[in-house]
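**Q** I am attaching a structure below and will ask some questions about it afterwards.
The values are calculated or read from the model by the stated rules, or taken from the named source; none is laboratory data. Computed from a predicted model, the values in this text were never measured in an experiment. For neighbour counting, all protein chains shown are included, and Cβ atoms are generated from backbone atoms with ideal geometry for every residue, glycine included.
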Amino acid sequence: MPDDAPTTQGSRIHRWLKTAPTRCFVAYASFAAFATYFCMYAFRKPFAAAKYEGLMFLGTDVNLKTVLLISQIIGYALSKYAGIKVCTEIRQAHLAKFLVGLILFAEFSLFLFGLLPEQFKVVAIFMNGIPLGMVWGSVSRYLEGRRASEVMFAGLSCSYIVSSSSVKAFGTWLMDQGINQFWMPVTAGLFFLPLFMVAVYFLNQLPQPSAADVADRSRRSVMNSGQRWAFFRTFLPAMLMLLLVYFFLTAYRDFRDNYTPEIFKALNYDTSPELFLQADWPVAFGVMIALACLNLFRDHRYGLIAVFGVMLTGIVLMATATLLHEQGKITGLWWMILIGTGAYLAYVPYGAVLFERVMASTKVAGTAVFAIYLHDAIGYTGSITVQLYKDLGQGELDYYEFLRGFTWLLCGLGLVCFVASCVYFMGKHKPVAADKS
């Protein structure tokens, strides 16, 4: 058996998937990826549902919640830097065991988070972030390089939009049942651990991309260090612009997500589990439809233009919603829904379909996971920077005022860089007969 062959090629499900109708295959793969990543969020986000009110870090002026969030993101960001190598080099035969190992380590860290004294909980939540940053890249390896990758990645991307609010709502419910806010995260993880393992089992049944997939999308293979940096140099100008936007875009998404209770409080809402769901579930539906429609573009040049069109639409939607809210024409809830939809329309393509189309359009061999993880590493560095800046540089602003100003900054930057990057990649397109099928 080849080293990169799946270990399940003799299973009944695997054999069925190799000959299954395209719609059945796509539905199966989308659901398995969705379920895997949805469950991962139960080990990452429930702790953010707690407010840790009145608790400051070691007697400083920095809120304990800010330090906990930053500590987890630092671990998560370091994981993304490690994932540039690990997730592009690991063989698919080892992916399932790797995924389960990552989650078990994350759950153990949440146990320490509940057990350790307050001053050491920062270390535990830092440890929790270290494995979780490599889950996305591992799941993506199962989906990339297929003719219907956009549809499958739409399902995967939908998972982290709805999972964050869902697991925070679950965490809030656990605290309402009397679970201590520091023990709530590990309790939530225990509920989802069996579901995660089942989801990974089903995901691991997927066969390798077919010959038709390879002909259409270019071969996806592991990349060594030299191949990774050759890819980066090939697209240097556009990569730098995309990295700059992603630095702020990830920070924006994380700020809105992590401080949802505080933002709604500043908007004069009483926070509740239902409010979290109302703010994010409509977002997931809109983004999923937009990404799934990208699969209608069989010509990769126009497909790549469409991806940038979706991202630019997100930027324009954020600006429009903020303007309408400032004029009193929409409520705070609708503002949160619309800026969330816009932010995710700009953000989600980075995690999959953007670099899928770049590689298919330019016919560069390798794995899109490298570009995804390079951007993620920079993006979460931005998230840490912006959260520290908020507390230390603009502490006088409430969370809503800060997010509103951040929206205008991101909209201006994204508009310029997305247009320029799209023009650049059009010059790198390599037309082939497969694009016209």
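**Q** Looking only at the range 261-305, which residues are part of a loop (DSSP other than H, G, I, E, B), acidic (Asp, Glu) and under 26 Å from Glu326 (Cβ atoms)? Spell out the reasoning first.
**A** Just the residues of the range 261-305 that are part of a loop (DSSP other than H, G, I, E, B), to begin with: 267-272, 297-299.
Filter again for acidic (Asp, Glu), leaving 270, 299.
Hit for the range 261-305 is Asp270, nothing else.
**Q** Let me ask something else. Check whether at least one residue in the range 306-319 is over 24 Å from Tyr76 (Cα atoms), in contact with a helix residue (DSSP H, G or I) (Cβ under 6 Å, 6 or more places away or on another chain), of a type in the set (Val, Ile, Thr) and not in a helix (DSSP H, G or I), and report yes or no.
**A** Checking the range 306-319: not a single residue is over 24 Å from Tyr76 (Cα atoms), in contact with a helix residue (DSSP H, G or I) (Cβ under 6 Å, 6 or more places away or on another chain), of a type in the set (Val, Ile, Thr) and not in a helix (DSSP H, G or I).
**Q** Specify the residue that is surrounded by the most Cβ atoms within 10 Å (Cβ to Cβ); the eligible residues are those in the range 110-148 that are within 21 Å of the chain's Cα centre (by Cα) and polar (S, T, N, Q).
**A** Top of the filtered list is Asn128.
**Q** A further question on this structure: Return the pair list, or none, for Cβ contacts closer than 8 Å from residues in the range 145-172 that are more than 18 Å from Tyr347 (Cβ to Cβ) and modelled with pLDDT of 85 or more to residues that are of a type in the set (Ser, Thr, Tyr) and not in a helix (DSSP H, G or I), at least 6 apart or on different chains.
**A** Within 8 Å, the pairs are Thr172/Ser272.
**Q** Within the range 386-412, which residues are polar (S, T, N, Q) and over 21 Å from the mean Cα position of the chain (by Cα)?
**A** Gln394
**Q** State whether one or more residues within the range 387-405 are under 14 Å from Val245 (Cβ atoms) and either part of a helix (DSSP H, G or I) or at pLDDT 90 or above (or both).
**A** no
**Q** Scan the range 186-232 residue by residue and report those that are at pLDDT below 95 and either under 18 Å from Ala48 (Cβ atoms) or basic (Lys, Arg) (or both).
**A** Listed by number, the residues that qualify are Arg217, Arg219, Arg220, Arg228.
**Q** Kindly provide the set of residues from the range 330-373 that are outside any helix (DSSP H, G or I), touching a residue at least 24 places away in the same chain (Cβ under 8 Å) and surrounded by fewer than 24 Cβ atoms within 10 Å (Cβ to Cβ), ordered by number.
**A** Lys363, Val364, Ala365, Gly366
**Q** To continue, here is another question. Within the range 318-331, identify whether any single residue is of a type in the set (Asp, Glu) and farther than 21 Å from Met426 by Cα, and answer yes or no.
**A** yes
**Q** In addition: Give me the pairs: first residue in the range 296-309 and touching a residue at least 12 places away in the same chain (Cβ under 8 Å) and farther than 11 Å from Val358 by Cα, second residue basic (Lys, Arg) and surrounded by 19 or more Cβ atoms within 10 Å (Cβ to Cβ), beta-carbon distance under 9 Å, and six or more apart or on different chains, which are they?
**A** Once the first residue is touching a residue at least 12 places away in the same chain (Cβ under 8 Å) and farther than 11 Å from Val358 by Cα and sits in the range 296-309, its partners that are basic (Lys, Arg) and surrounded by 19 or more Cβ atoms within 10 Å (Cβ to Cβ) give Arg298/Arg147; Ala306/Arg357.
**Q** Could you tell me whether any residue of the range 238-246 is part of a helix (DSSP H, G or I), surrounded by fewer than 19 Cβ atoms within 10 Å (Cβ to Cβ), without any contact (Cβ under 8 Å) to a residue 24 or more places away in the chain and not charged (D, E, K, R)?
**A** Yes, because at least one residue in the range 238-246 is part of a helix (DSSP H, G or I), surrounded by fewer than 19 Cβ atoms within 10 Å (Cβ to Cβ), without any contact (Cβ under 8 Å) to a residue 24 or more places away in the chain and not charged (D, E, K, R).
**Q** All but one of (1) surrounded by fewer than 21 Cβ atoms within 10 Å (Cβ to Cβ); (2) in contact (Cβ under 8 Å) with a residue 60 or more places away in the chain; (3) polar (S, T, N, Q) hold for Thr60; which doesn't?
**A** It fails just one condition, (2).
**Q** To continue, here is another question. Considering each of Phe120, Phe108 in turn, give the residue that is farther than 19 Å from Asp391 by Cα, part of a helix (DSSP H, G or I) and at pLDDT 95 or above. Break it down stepwise before answering.
**A** Working: Phe120 fails: at pLDDT 95 or above.
None of the others qualify; the one that does is Phe108.
**Q** Here is a further query. If Gly59 passes every condition in (1) assigned to a loop (DSSP other than H, G, I, E, B); (2) touching a helix residue (DSSP H, G or I) at 6+ places or on another chain (Cβ under 8 Å) but one, which one does it miss?
**A** Just one mismatch for Gly59, condition (2).
**Q** Please count how many residues of the range 72-117 are closer than 15 Å to Arg44 by Cβ and of a type in the set (Lys, Arg).
**A** 1
**Q** Just checking, how many residues over the range 80-102 are aromatic (Phe, Trp, Tyr) and either modelled with pLDDT of 90 or more or closer than 18 Å to Ala33 by Cα (or both)? It would help to see each step written out before you state the result.
**A** Residues of the range 80-102 that are aromatic (Phe, Trp, Tyr), as a first pass: 81, 98.
Right, trim to either modelled with pLDDT of 90 or more or closer than 18 Å to Ala33 by Cα (or both) and you get 98.
So the answer is 1.
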